[in-house]
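What follows is one structure encoded as structure tokens, with my remarks underneath.
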């Protein structure tokens, strides 16, 4: 599947228009909520959630007092939905942009991965790892969930293996945690990796 011909902004906007949003859990997922709880008191760290969808993670962080949370998506609908749910979320932190066109001005301290990687054409995975490293400061963290399974239906979502994923991230990141998530949502239990990677 060519990313230029299929998985573009119009494709994703149509998925929202048709209500075909099976990835949408309707709330922040337990592994991310527990990680955020360990970050300590809110501070000025810059946090990016790419391919954010309806961005329940951004809503959670914002309500906890984190002021430098940014969300990026190519489809306008999910960003609009976040704005409706959280009217005081800064409009300038809603980035209607292609993740691969984002620039680190200034760089981010944390990138949160939640069902974005699996939505990309698999051919873009090496570019995803490179772009995450480009956007993060040295020592910055990439944290989130990756599917550690293959799907029987054509994607998206696209599955994969932890060995495959290691090959993409190893050039840019130190692996702090890279193992099966212990607190996934029930339908995803045993099929997700919780990853916490530190930019070299």
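Per-residue ellipticity at 222 nm from helix content only, as computed over the chain with -39500 (n - 2.57) for each DSSP H run of at least four residues, stands at -8000 deg cm²/dmol. Dimensions of the stretch 71-128 from C-alpha coordinates, computed as largest minus smallest value along each principal axis and given longest first, are 36, 25, 17 Å.
Residue ranges 100-106, 157-163, 132-138 sort as 132-138, 157-163, 100-106 when ordered by packing (mean number of other C-beta atoms within 10 Å per residue, highest first). Over the stretch 84-143, Cα pairs under 8 Å with separation of 6+ residues give a relative contact order of 47 percent. Radius of gyration over Kirkwood radius for the chain, both on Cα atoms: the Rg/Rh ratio is 0.92. The value of relative contact order for the chain, using C-alpha pairs under 8 Å at least six residues apart, is 19 percent. For residue 39 and residue 185, the difference between the fully extended length at 0.36 nm per residue and the C-alpha to C-alpha distance is 50.4 nm. Here the convex hull built on the C-alpha positions of the stretch 50-99 has a volume of 60 cubic angstrom per residue. With the Cα gyration tensor of the stretch 118-199 giving a ≥ b ≥ c as the square roots of its eigenvalues, does the rule (a/c under 1.5 for rounded; else a/b larger than b/c for prolate; else oblate) give rounded, prolate or oblate? Note, shape of the stretch 118-199 comes out oblate. Of all beta bridges that DSSP places with both ends in the stretch 55-193, some 25 percent have antiparallel geometry.
Where a number appears in this text, it was derived from the coordinates with a stated rule and is not lab data. Just so it is clear, the model here is predicted, and its values are computed rather than measured. With ideal geometry, Cβ positions are generated from the backbone for all residues, glycine too; neighbour counts draw on all protein chains shown.
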